[in-house]
1. Note down the Stokes-Einstein diffusion coefficient of segment 4-233 in µm²/s, whole number, using a Kirkwood radius over alpha carbon pairs, 10 °C, and 1.306 mPa s.
2. What list of ³J(HN,Hα) values in whole Hz, one per residue of segment 426-442 in order, does the Karplus curve 6.51 cos²θ - 1.76 cosθ + 1.60 (θ = phi - 60°) give from phi, with Gly and Pro shown as x?
3. Quick check: pseudo-label points 7 Å beyond the Cα along Cα→Cβ at residue 426 and residue 104, how many nm apart are they?
4. Which log10 I(q)/I(0) values, to two decimals, does segment 386-499 give at q = 0.10, 0.15 Å⁻¹ under the Debye formula with one point per Cα?
5. For residue 468 and residue 611, FRET efficiency with R0 = 51 Å and r from the beta-carbon atoms, rounded to 0.05?
6. Extension gain residue 640-residue 322, at 0.36 nm per residue separation less the Cα-Cα distance, in nm?
7. For the chain, give the magnitude of the charge dipole about the Cα centre (Cβ charges: +1 Lys/Arg, -1 Asp/Glu; no others), in debye to the nearest 20.
8. List the pairs from 308/389; 440/461; 276/308; 76/331; 588/668 whose alpha-carbon separation is above 19 Å, in the order I gave them.
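Quick note: the coordinates plus some simple rules give every number you see, no bench work behind them. The structure displayed is predicted, hence computed values, not measured ones. All Cβ positions, glycine included, derive from the backbone under ideal geometry; neighbour counts span all protein chains shown.
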Amino acid sequence: MGKTIIISNRLPVQLQINNGTITAVPSVGGLATGMKSVHSGGDSLWIGWSGLTDEQIPEELVKDIDIALAKHGSSKVCLTADEVEGFYYGFSNRTVWPLFHYFLEYSEFELDSWETYKAVNQKFADAILEKATDDDTIWVHDYQLMLVPQMVRERRPEISIGFFLHIPFPSFEIFRTLPWREEVLMGLLGADLIGFHTYDYERHFLSSVRRLLGLEVSFNDISLDDRVIKVDSFPMGIDYKKFSEAAKEHNNSTEKQKSELQKRLDTHKKSAPDAKFLLSIDRLDYSKGIAKRIYAFEYFLNKYPQYKEKVRLVLLAVPSRSNVPQYQLLKKEVDELVGRINGEFSTVSWTPIWYFYRSMPFENLIDLYTSSDIAWLTPLRDGMNLVAKEYIATRVDKTGVLILSEMAGSANEMNESLLINPNNFEQISDALHTAINMPKAEQQRRNTILQKRLERYNVEKWANDFMNSLLDQKKKDHTYISRRLSVDLMNIVTKDFSQSKKSLLFIDYDGTLAGFHNDPQKAAPDDALYELLDKISSRPGTDMYLISGRDKETFTKWFLPKKYNMITEHGVWISQGGEEFRMLENVKKDWMEKIQPVLESFVDRTPGSFIEEKNYSLAWHYRNTDPDFGQKRATELNTVLTSLIGTDDLSVLNGNKVMEIKSSNVNKGRAAMRVFSEDDYDFVFAIGDDWTDEFMFQELPESAVTVKVGRQKTQARYYVDSIKNVRDLLDRFTI
Ligand code: ADP
Ligand code: G6P
């Protein structure tokens, strides 16, 4: 087992150079603080940017920088000032960040910064490739590095790569506005496992993959070329023990051990024991809703004036991305708002808002968490929000109230907090009122549940879940690979075929010999295919059957003149050696008039879908519909049909973008077995691409060579990737 390589833009520490001395400052932000605990506990290397540009590092300090980072298990990627501008301030924080947080109007689409983003992602990928062996596991983090997985995959196809997005993935309607959307998706799909904080982000991502790349998605597996990529949600936890232990220690500290900040907080507590501390902590970011929160505070003071002098808002804003204009504007807005409200409401003994604009050491964060009666976090959109979890973890006596925006990813797991819509000032004021008056027992009841959950699903568990899932995915992928009909296996199969005295071949048509068309009639065979089939079917001792769900009329037109053996409509009809079709199964069709109107109502409500009427079955095709919508309607139709057909001898087959209703006693497996039992075959072969072919794979004897086209779950012994591979394989049968 190799090591784990963590890659993110931020390293756990940021380096600074003051008067020729290097200092390492802990990084802020959920990614760095969360992953720090994972990194310190295991055998891992963390690759990222040191926080200094090449221009800021004097020649003589280059080595010392490496040594300083190595102390934190880290290794640097060097970036020039221009690269930081285009990649970090540019594409990452002026394009992706606003777009993924639904601030469409802030998103800038600049070709230059996109080009720099690509080049810098390549630098990160190169740094990984330089350090990684094939046994290592690569874990790429966040929106700054979305192209890295594919860049690594290209050079190391076998290496295990996971990707985790720490911010929301927006809905398709938002994501589609990005000019380089396909490239970004393809970049991510280089990973074996892609993780999100919540199911909603996962769902949005899958929808974009389906709609923009047209890839097959089955539950949360995406099939791409010869790989399967898993997508899942893993809500990130915190280092619960670190926060709760720190809080316990803090509560036991003597007067002398207390920080200056804590002493000030204590003085205010003493002077007004009834007054409540309201805490708000965020990076100064427009997604955090800080300005709105201040407006809401003003609204609250006007709505409930009895709380003037009784509440104090401690507003801690951590400087962030201050080269980006939107952040500068926000800073100005917050400064002005705080000034205006403090000017308007302050009394001799009371300042409503205490405003800190700085990063704080961990001990001071604990001072604030443990001293605040209420934590008030109202992001307009937030991937997770770890501050909410940290606050709860520090509440040793289980008192304290958390007011949390429902737009934060963490709201999904923190139902016991007071959840609010950050745009609804009425609701927020009432929540503040409720929080101030919440009985202690009620606070403890809620926090007991929250703490239990946070303690159990902590950051270590989160990281383990992700890594185990990545490991499983790799194993699963290898099972697929072992079943692939490799050139060696093909040679064996071809040899068995050429040495056989009596062979039986079942070959499906659509999706196996020919590609799908929007109009099924357009998928007619080409000359090369006729030539191929002529050669195989004329080989002495070979019984070749085209076996299909198609209607017999179409196959009569296409293949009867060629005298191929054919089984159509999944086994209702058979034609051998150029004879007219005859029925292989006795099937009823009186049910069709009852089912037809149901399908018609679905056609009316699902643009692009249509009904194909066969002699003994009805098929509803939805290949031309919007993929998500079509899938939804198919699920709905399945439910309707299942309840309708009840005890009738009918079954619903879910094919490739088609649902077919037909008699239960008809399927390709049964038909194939009837033919098989008519002679003594020493070589049996069946190939097909969809669900309906699975009946053949199941029914035919174990010695049969069964081949699936595509990488979905199958009962077949082997698989090939594409129609082209099918033709290559069949070509070998003609030599
Ligand atoms: P984001 O990742 O968007 O910044 P999160 O709430 O998920 O938001 O994570 C913020 C992290 O930064 C938390 O782990 C928190 O402890 C840390 N943090 C927040 N404010 C400060 C601060 N003033 N000084 C130091 N660390 C901070
Ligand atoms: C969020 C992002 C992280 C980022 C952090 C701090 O948590 O998901 O990727 O590191 O904010 O932002 P910064 O731009 O300072 O790295």
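1. The diffusion coefficient I find is 88 µm²/s.
2. Listing the rounded values in order: 4, 5, 5, 4, 5, 5, 4, 4, 4, 5, 4, 9, 5, x, 4, 4, 5 Hz.
3. So the two model labels end up 2.7 nm from each other.
4. With no solvent term, the Cα-only Debye profile gives -0.50, -0.76.
5. Between residue 611 and residue 468 the formula returns 0.65.
6. Value of the extension gain: 108.8 nm.
7. Once rounded to the nearest 20, the dipole reads 1940 debye.
8. Going by Cα-Cα distance, 308/389; 440/461; 76/331 fall outside the 19 Å limit.
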